[in-house]
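Heads up: the structure comes next, in structure tokens.
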Amino acid sequence: MSTAAGLPGLRVLVVDDERPTLDELDYLLSRDPRVTEVLTSQSATDALRVLREHEVDCVFLDIQMPGLTGLELAEVLQRFRTPPAIVFVTAHEGHAVEAFDLRAVDYVLKPVRDARLAEAVRRVVEGSERAPVAAPDVQIPVERGGVTRFIDRGDVTHVEAQGDYARLHTPSGSHLIRVPLTTLEEEWAAAGFVRIHRSVLVAIGHVTEVRMDGGRCSVVVAGTGPAGGGAVELGVSRRNTRDLRERILHRAGP
């Protein structure tokens, strides 16, 4: 990639079938000092032609397009010897988990805000300069029946506030610790824990589904409960929905 080679900046390809959106992204990215060149394409098929002729560092990619979709194009790009970074730019929030599975760097929702696009560029640049480093895992002491044992933070699927305490949910059961939810939110953010409600944190790495129903969002985490085989659906507050959708790709931890 050009940044890794020490050249001035990124060469990016923008793919979107809607001309106004394509022009807007072209304009915004061209203004970014970290971007050297912007190429554009109005279809996934044409994007493949462009990629045969030009090496790019990143593809800013719409999802819903006629013919080959953005997700299908991303699958093709993963087979490149040196795949470009992928940033999905879409009006459809329901494909975030699929995008993560395709190793996308970011998932930006339309209408695109200038600052949000700049954040996506920052993530691409940082990814080209260094390999991602997983947040170190920790063990948490919990007490039950007068016995102190340790659980891995990576096993925690979600956390519920209970006054000044927090209840940690794991496949083996739940555990109460005397730590406020706000403290865990701050200290565990780097490990992929995101607030989805005023009283709930969820570990992005344990989210198996994101559901939208009548404008309301919820997530499903699997393997919780005493037997570890159940699934729990957790409601996402309206104020936290957009943040969750944009961060679903950046889950950390094991």
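The values are calculated or read from the model by the stated rules, or taken from the named source; none is laboratory data. Note that the structure is predicted; figures quoted are calculated from it, not measured. We place every Cβ from the backbone using ideal geometry, glycine too, and count neighbours over all the protein chains shown. The area values use the complete protein model at the heavy-atom level, side chains included, leaving out ligands, DNA and RNA. Shrake-Rupley method; radii C 1.70, N 1.55, O 1.52, S 1.80 Å.
Annotation: A161 fulfils all but one of (1) touching a helix residue (DSSP H, G or I) at 6+ places or on another chain (Cβ under 6 Å); (2) touching a residue at least 40 places away in the same chain (Cβ under 8 Å); the unmet one is (2). Counting only residues that are touching a Ser or Thr at 6+ places or on another chain (Cβ under 7 Å), among the acidic types (D, E), at pLDDT 80 or above and not in a strand (DSSP E or B), segment 118-167 holds 1 of them. A115 meets all of the listed conditions (1) part of a helix (DSSP H, G or I); (2) touching a residue at least 24 places away in the same chain (Cβ under 8 Å); (3) open to solvent by 70 Å² or more (accessible area, probe 1.4 Å) but one, namely (2). Checking R149, R49, R81 one by one, the residue that is farther than 30 Å from D17 by Cβ and over 21 Å from the mean Cα position of the chain (by Cα) is R149 and no other.
Of all the criteria given as (1) of a type in the set (S, T, N, Q); (2) under 20 Å from D106 (Cα atoms); (3) modelled with pLDDT of 85 or more, the one not satisfied by S174 is (2).
List the number of the failed condition for Q42; all other conditions in (1) open to solvent by less than 60 Å² (accessible area, probe 1.4 Å); (2) of a type in the set (S, T, N, Q); (3) farther than 29 Å from D213 by Cα hold. Result: Q42 passes all but (1). The set of residues in segment 100-112 being over 15 Å from R245 (Cα atoms) and open to solvent by 60 Å² or more (accessible area, probe 1.4 Å) consists of R103 alone.
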